[in-house]
Number of protein chains: 2
Amino acid sequence: MTFTPYAADPELDLVLEREVDVSPDLVWEAWTTPEHIKVWFAPKPYETPECEIDLRPGGAFRTVMRSPEGEEYPGVGCYLEVVPNERLTWTSALAPGFRPVVAPDGMPFTAIIELQPTASGGTRYRAVAIHQDPEARKSHEEMGFVEGWGAALDQLVALAKTLRT
Amino acid sequence: MTFTPYAADPELDLVLEREVDVSPDLVWEAWTTPEHIKVWFAPKPYETPECEIDLRPGGAFRTVMRSPEGEEYPGVGCYLEVVPNERLTWTSALAPGFRPVVAPDGMPFTAIIELQPTASGGTRYRAVAIHQDPEARKSHEEMGFVEGWGAALDQLVALAKTLRT
């Protein structure tokens, strides 16, 4: 299948794009294994004490993040696309089972992780956050999407390097 | 792949299930071809003058229905699952491109059409409408979901019998 990147809208979407020196299959494993998510998902000093994954379209992606002060931030999304080693999509606008969410918080978004192999054995990594309107995009940007997801990606890469060595 | 029917929740979901005497591939063709949708989708005397289909996860399903008085009812959904001759899923809670909808109308829902071949060459047809809460389910029921989708299914079957004969 030819790889087609998501056509992001600069007015509505946020994009983090980087080349990392671990292979797509290891990045995929890090994104789809609860024990791994618990290690890398929250930028330190935040932690991710809980994670559940039902890896299929319609399945649940549940996490709980915890601040150093002990405040907890539960998150739940519904997987939409599961293409191993290539594309993982989920949204907080739907509950598991594709069910519309009663009252989405102020900033529901859909996330797409795209992975492409590089000639040197690494991964061209692209994360797109898709929002309902420019205000939601701005709010997510001000929360530090690029910095936060970038710091988490560093943690993912560090973890991935410990796998299959 | 083993067929797994959607686990409908009787408190939240509506289900239309029937056996029809046309094959799954003809039902699929009727559901995924704009010219066919225009013929069968709206229970008469309503009509469907417009339909656009971009048949892929993330693609758009757009229709305009028209009452005998000329009032128009546009609808747009985002396809979630496209498994030919077996399962078609879309939602009005997401705009095309998996984008969360700014202000979904009072009753956003996800629809799943499941098709299974019968021994006699027909189709076990199941449509599930998935709602956010019991009130949305009730509202959709009172709008006549089962009768309306049933009448449209009769029209679909009549059309399908004219295909490939």
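Residues of the range B:119-155 losing 50 Å² or more of accessible area relative to the isolated chain, 1.4 Å probe, heavy atoms only?
Buried by 50 Å² or more upon assembly, which counts only protein chains, are B:132.
Do any trypsin sites (Lys or Arg not before Pro) in the range B:106-165 lie in a DSSP loop with no more than 11 other beta carbon atoms within 10 Å, and if so, which?
On the way: sites: B:124, B:126, B:137, B:138, B:161, B:164; in loops: B:161, B:164.
Within the range B:106-165, the qualifying trypsin sites (Lys or Arg not before Pro) (loop, at most 11 other Cβ atoms within 10 Å) are B:164.
At 1.4 Å probe radius, can you tell me the per residue accessible area of the protein assembly as shown in Å²? List each step's numbers first, then the result.
Values: 15740 Å² over 330 residues.
Counting only protein heavy atoms, the per-residue value for the protein assembly as shown is 48 Å².
Hey, what number do you get for the protein assembly as shown at 222 nm if only DSSP H runs of n ≥ 4 count, each worth -39500 (n - 2.57), divided across all residues, to the nearest 500? Show your work: numbers first, answer last.
On the way: 8 runs with 82 residues, N = 330.
Calculated mean residue ellipticity at 222 nm is -7500 deg cm²/dmol.
By how many nm would the segment from residue B:86 to residue B:155 grow when fully extended, if each residue of separation counts as 0.36 nm and the alpha-carbon distance is taken off? Don't skip to the answer; put the middle values down first.
Working: separation 69, 0.36 × 69 = 24.84 nm, distance 1.97 nm.
Separation in residues times 0.36 nm, less the Cα-Cα distance, equals 22.9 nm.
Over the Cα atoms of the range B:35-165, what Rg and Dmax result, in angstrom?
Cα only, the range B:35-165: 15.1, 46 Å (Rg, Dmax).
Got a sec? Which residues of the range B:1-25 lose 50 Å² or more of accessible surface with every protein chain in place, vs. that chain alone, 1.4 Å probe?
So the qualifying set is empty.
Am I reading the B/A interface right? What is its buried accessible area, both sides, 1.4 Å probe, to the nearest 100 Å²? Show your work: numbers first, answer last.
On the way: alone 8740 and 8770 Å², together 15740 Å².
Summing both sides, the interface buries roughly 1800 Å².
Report D for the protein assembly as shown in µm² per second (integer): Stokes-Einstein, Kirkwood Rh on Cα pairs, 10 °C, 1.306 mPa s. Before the final figure, lay out each step's value.
Details: Rh = 21.4 Å.
After rounding, the answer is 74 µm²/s.
If the limit is 20 Å between Cα atoms, which of A:38/A:161; B:44/B:138; A:44/A:161; B:44/B:161 go over it?
B:44/B:138
What gaps in nm, shortest first, separate residue B:4 from its twins in the other copies when you place the label 7 Å past Cα toward the beta carbon?
Label point to label point, same position, other copies: 2.6 nm.
For a bin width of 10 Å, list the pair-distance distribution of the range B:38-81 built from all Cα-Cα distances, rounded to whole %.
Over the range B:38-81, the share of Cα pairs per 10 Å bin runs 31, 46, 21, 3 percent.
³J(HN,Hα) across the range B:91-99 via Karplus (A = 6.51, B = -1.76, C = 1.60, θ = phi - 60°), whole Hz, x for Gly/Pro?
Coupling constants for the range B:91-99: 9, 8, 7, 10, 7, x, x, 6, 7 Hz.
What are the nm distances, shortest first, from residue B:138 to its equivalents in the other copies, labels at 7 Å along Cα→Cβ?
Values, ascending and in nm: 3.9.
Placing the label point 7 Å from Cα along the Cα-to-Cβ direction, what are the distances from residue A:66 to the equivalent spots in the other copies, shortest first, in nm to one decimal?
Going from nearest to farthest copy, the values are 6.1 nm.
List the longest stretch of chain A that has no exposed loop site; here a site is one of the GluC sites (Glu not before Pro) assigned by DSSP to anything other than H, G, I, E or B, with at most 12 other Cβ within 10 Å.
Numbers: sites that count: A:11, A:69, A:71.
Value returned for the longest uninterrupted segment is A:72-165.
Summarise the accessible area of chain B (1.4 Å probe, protein heavy atoms) by the percent that is carbon and sulfur.
On the way: 4190 of 7850 Å².
C and S atoms contribute 53 percent here.
So for the range B:107-165, considering every pair of alpha-carbon atoms, how many percent are separated by more than 13 Å? Write out the running numbers ahead of the final one.
Working: 1206 of 1711 pairs.
Beyond 13 Å sits 70 percent of the P(r) for the range B:107-165.
Which parts of the range A:54-86, residue by residue, lose 30 Å² or more of accessible area when the rest of the protein chains are there, as against the chain isolated (1.4 Å probe)?
The answer is A:80, A:81.
The values are calculated or read from the model by the stated rules, or taken from the named source; none is laboratory data. Bear in mind that the values here come from a model prediction, so they are computed numbers and not experimental data. Methodologically, a virtual Cβ is constructed for each residue, glycine included, from the backbone with ideal geometry; neighbour enumeration extends over all protein chains shown. Note: areas computed on protein heavy atoms with side chains; ligands, DNA, RNA excluded. Shrake-Rupley method; radii C 1.70, N 1.55, O 1.52, S 1.80 Å.
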